[in-house]
Amino acid sequence: MSSSSDDDDRIPFSRRPEWSDVRPVPQDDGPHPVVPIAYRDDFRETMDYFRAVYLADERSSRALYLTTEAIEMNPGNYTVWHFRRLVLEALNVDLHEERDFIDQIAMRNPKNYQIWHHRRWIAEKLGPEAADKELEFTKRVLAYDAKNYHAWSHRQWVLQSLGGWEKELDYCQKLLEDDIFNNSAWNQTFDFGLSYNQEYSKVRYFVITRSPLLGGLQAMRDSELSYTIEAILANPQNESPWRYLQGLYKGDTDVLVSENQVSEVCLKVLKIDHSCIFALSLLLDLLCYGFQPSDELKGVIEALRKSEPASSDDKLASTICSILEIVDPMRSNYWAWRRSNLPSKAC
Amino acid sequence: MESSASFSPSSCSPRSPNPNPNLDQQPRLTITLLEQLKVEQKVAEIYGLLNGVSAHARSLMSELRRDKHVEFLMRGLKQLGPSYHVLDANRPWLCYWILHSIALLGEPLDTELENDVMDFLSRCEDEDGGYGGGPGQLPHLATTYAAVNTLVTLGSENALSSINRDNLYKFLLRMKDSSGAFRMHDAGEIDVRACYTAISVASILNILDYELVKDVGNYILRCQTYEGGIAGEPGSEAHGGYTFCGLATMILINEADRLDLSSLLDWVAFRQGVECGFQGRTNKLVDGCYSFWQGGVLALMQKLLPVVDKQLTSSSVSGESSLGSTCNIKSSDLAGQGSGKLSDVGFSFIKRHTESVPLFHTIALQQYILLCSQVLEGGFKDKPGKNRDFYHSCYCLSGLSVSQYSWSKDAGASPLPTAVLGPYSNLLEPIHPLYNVVLDKYHMSHEFFSRS
Ligand SMILES: [Zn+2]
């Protein structure tokens, strides 16, 4: 059996005097285990001692220390975390210290469910005073990986449960600036359209719809719309602002349909990029919601149809589906389904 | 042969940045775009090899290396190296990933090995119900799902009767939160995965009742995002894994019509990109495991199209009030039903005949799985440049099965050769997409649990 190579100065539990009274409990894997793991000696021993204190329900400081070692070896063991919380409660440990421990272990394992759950448990116990630190921490994790799902979920939980909304819109803005910073190697100047990424849309939508400091979606809609249109025009191939735009009118399609700027942005994009599927797709949705197309729009769409002219009774929505079937072959089945299932009010 | 033809999407795609020269400035590269371009380039190199070779050669390149996969899987079942200690709390998952993959490949298991699996899982079963991540560990909903699906996959009377359903039901009730959602374990995290694993297990074991179902639909509804997909918890981002879990849960509790299905469908249809595989979220990289999570959502949606149609014509999904009333009707409906009826939702769902063609590009997806995710020495990986593992092997194979059978109008009916990329011998066993177990095994367990 090999022993840990990067941890040579580790003293086995069996040779630590403070553990001499504990009889380690081996794992009950049975005579012919499946998916057996060839544990390293130090891992196996640590878990044998963990099982001993866990079974004895020993909520002591040495048990707490043992869970630290076990967690560092495998932060995915939820039983160890669960027991650690019982010990922390029994010993009435200062949770600020516990948070420092989690800080370092989370930076090394940012995609681990248990660590984030444990963090939430600590923050919940500390209450609103923990908000700043938690927001600061998620910011650091997101600086490494802006798409870390757990970090975003944690951040949103903090805002909703502990507060800290005041600076959240500034943080949105900062995300854009960070993106520029990341790209400084190419000596780039600010490019709104490309920096407007998925992370940005997501956090912005969350803040706009949930912050108690803003007036809600309806109050913000006009300013959000012009902002989003700007982002779309800067890079029409970026899906995020297109979905964000639709999201602004979720459950309010009548308002979406009556907002001229929405169809105008589609038209503008299509004049430059005839086959932009996001623009075509949004137009299709508008028509399905009952939007009445202008003659100009009809003309632009008809011009896009490459094949023979449509029979005059064809709906514009149907024409768009046919165009999408050709310019977006990956989704041709989907567009064909849409074409055969147009609502009766679609033009 | 048509089926071995490769798929190459046009230059206009939702993923590639496609800088437009008519715009007054060139789009600049961000990290997201740069990573995306790197992957697209690697994938294009691989697909480029398909050009200019004979149909026969193309078919060979798309061949499923059955023997190699079985070898890789069997080896893992019998021994795992020291680096697997990070999955020490996921061993029922390892059993499921490996055994479900073997079952998809149609490979039988000898009785001795089957007994070893049963013996091992019984050591993971908690005396008060549920299965933990290893012997002596706390029972956990995700590993309970993995253990139950593994035993269903083994399929013998012994394996099925080894599950203590009374205790399992009590465990599920203990994990139910006052909000209606579920916790992963005692004082554990609440999310959509926990809801799915609880409901899936209860449904397949025929112990689903109103008590377990109560308000879980309200929680899932709160997780559907402005994009259309479903997030892990309210306020988070739409994500392929959670969208599968959320939608499957809603179907199993008979409340799928409460979701905004047309926006869900639109979101998931757009997740298949120029690489031919699926991404998990908007503007993220392609990943082989989403072949099942997103491909599975599309397979479920294919059977739900009549419901989508109904939503479109009545166009009242998005109103809060209509949701509320649907909710009331549902609750009273359920209260009046015996527990057996609820568990039968999964059974009647799979029996549904569909007239619709698949809603995604099934040949393109098979191409990504076989050429970009498949490891010739056995196993599957996320994307070119990554390493194989059992998780990706399981979900690439599951996604491959889903895409091969998507043209079948009745579940499990043999597809035409044109629906299968590569040689017809690539054809896997069909699955039940709500539980992700092989269809035959599902039917055996359904029969078993209906009579006991
Ligand atoms: Zn993956």
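The values are calculated or read from the model by the stated rules, or taken from the named source; none is laboratory data. Model, not experiment: these values are computed from the prediction. Counting neighbours? That spans all protein chains shown, and the Cβs are built from the backbone with ideal geometry, glycine included.
Annotations
- Within the stretch A:230-328, helices (runs of 4 or more DSSP H) holding 1 or more residues that are more than 28 Å from B:Val268 (Cβ to Cβ): A:253-258, A:260-272, A:295-304
- Look at the stretch B:272-286: where a residue is closer than 13 Å to B:Leu298 by Cα and a partner is in a loop (DSSP other than H, G, I, E, B) and away from the ligand (no atom under 15 Å from the Cβ), sitting 6+ places away or on another chain with Cβ atoms under 6 Å, you get B:Gln272/B:Phe360.
- Restricting the search to helices (runs of 4 or more DSSP H) fully inside the stretch B:175-227 and requiring at least 2 residues that are aliphatic (A, V, I, L, M), out of contact with any Gly (no Cβ under 6 Å at 6 or more places or on another chain) and more than 14 Å from chain A (Cβ to nearest Cβ) gives B:192-204, B:210-213.
- Top-ranked residue in the stretch B:266-300 [being buried (at least 24 other Cβ atoms within 10 Å of the Cβ) and aliphatic (A, V, I, L, M); ranked as nearest to the ligand (Cβ to nearest atom)]: B:Val286
- Check on A:Trp335, aromatic (Phe, Trp, Tyr), in contact with an Asp or Glu (Cβ under 6 Å, 6 or more places away or on another chain), buried (at least 21 other Cβ atoms within 10 Å of the Cβ) and within 14 Å of another protein chain (Cβ to nearest Cβ): yes
A quick yes/no check of all residues on (1) surrounded by fewer than 18 Cβ atoms within 10 Å (Cβ to Cβ); (2) within 25 Å of B:Gln366 (Cβ to Cβ); (3) more than 25 Å from the chain's Cα centre (by Cα):
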| position | (1), (2), (3) |
| --- | --- |
| B:Val53 | yes, yes, yes |
| B:Leu60 | yes, yes, yes |
| B:Leu73 | no, yes, no |
| B:Ser83 | yes, no, yes |
| B:Ala89 | no, no, no |
| B:Thr111 | yes, no, yes |
| B:Cys124 | no, no, no |
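- Extreme residue, surrounded by the most Cβ atoms within 10 Å (Cβ to Cβ), among residues of the stretch B:355-378 that are more than 13 Å from the ligand (Cβ to nearest atom) and more than 14 Å from every other protein chain (Cβ to nearest Cβ): B:Gln374
- Among (1) part of a helix (DSSP H, G or I); (2) modelled with pLDDT under 95, the one test that A:Tyr49 misses: (2)
- B:Tyr242 being surrounded by fewer than 24 Cβ atoms within 10 Å (Cβ to Cβ) and either within 16 Å of the ligand (Cβ to nearest atom) or of a type outside the set (S, T, N, Q) (or both): no
- Within the stretch B:391-406, restricting attention to residues that are polar (S, T, N, Q) and within 14 Å of chain A (Cβ to nearest Cβ), the residue that is nearest to the ligand (Cβ to nearest atom) is B:Ser393.
- Filtering the stretch A:260-273 for residues that are at pLDDT below 95, facing chain B (nearest Cβ under 8 Å) and surrounded by 17 or more Cβ atoms within 10 Å (Cβ to Cβ) leaves a non-empty set.
- Residue within the stretch B:273-284 that is of a type in the set (Phe, Trp, Tyr), in contact with a Ser or Thr (Cβ under 7 Å, 6 or more places away or on another chain) and modelled with pLDDT of 90 or more present: yes
- The number of residues in the stretch A:207-257 that are touching a residue at least 40 places away in the same chain (Cβ under 8 Å), buried (at least 19 other Cβ atoms within 10 Å of the Cβ) and farther than 24 Å from B:His239 by Cα comes to 1.
- The sole residue among B:Lys409, B:Lys386 that is within 16 Å of the ligand (Cβ to nearest atom), without any contact (Cβ under 8 Å) to a residue 60 or more places away in the chain, away from chain A (no Cβ under 14 Å) and out of contact with any strand residue (DSSP E or B) (no Cβ under 9 Å at 6 or more places or on another chain) is B:Lys386.
So that you can scan it fast, the table gives a plain yes or no per residue for (1) more than 27 Å from the chain's Cα centre (by Cα); (2) within 14 Å of another protein chain (Cβ to nearest Cβ):
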residue	(1), (2)
A:Ala90	yes, no
A:Arg99	no, no
A:Asp103	no, no
A:Met107	no, no
A:Ile115	no, yes
A:Arg119	no, yes
A:Ile122	no, yes
A:Leu126	no, no
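- If you go through the stretch B:103-121 and keep only what is within 13 Å of chain A (Cβ to nearest Cβ) and under 20 Å from B:Met444 (Cβ atoms), you end up with B:Leu109, B:Asp110, B:Thr111, B:Leu113, B:Glu114, B:Asn115, B:Val117, B:Met118, B:Leu121.
- Count - residues of the stretch B:56-82 that are farther than 25 Å from A:Ile37 by Cβ, part of a helix (DSSP H, G or I) and touching an Asp or Glu at 6+ places or on another chain (Cβ under 9 Å): 1
- Odd one out for A:Gln104, checked against (1) within 19 Å of A:Arg85 (Cβ to Cβ); (2) modelled with pLDDT of 90 or more: (2)
- Residues (more than 22 Å from the chain's Cα centre (by Cα) and of a type in the set (A, V, I, L, M)) located in the stretch A:211-263: A:Leu213, A:Leu214, A:Ala219, A:Met220, A:Leu225, A:Ile229, A:Leu233, A:Ala234, A:Val255, A:Leu256, A:Val257, A:Val262
- Candidates A:Arg40, A:Arg119 - the one that is over 30 Å from B:Ile98 (Cβ atoms) and in contact with a helix residue (DSSP H, G or I) (Cβ under 8 Å, 6 or more places away or on another chain): A:Arg119
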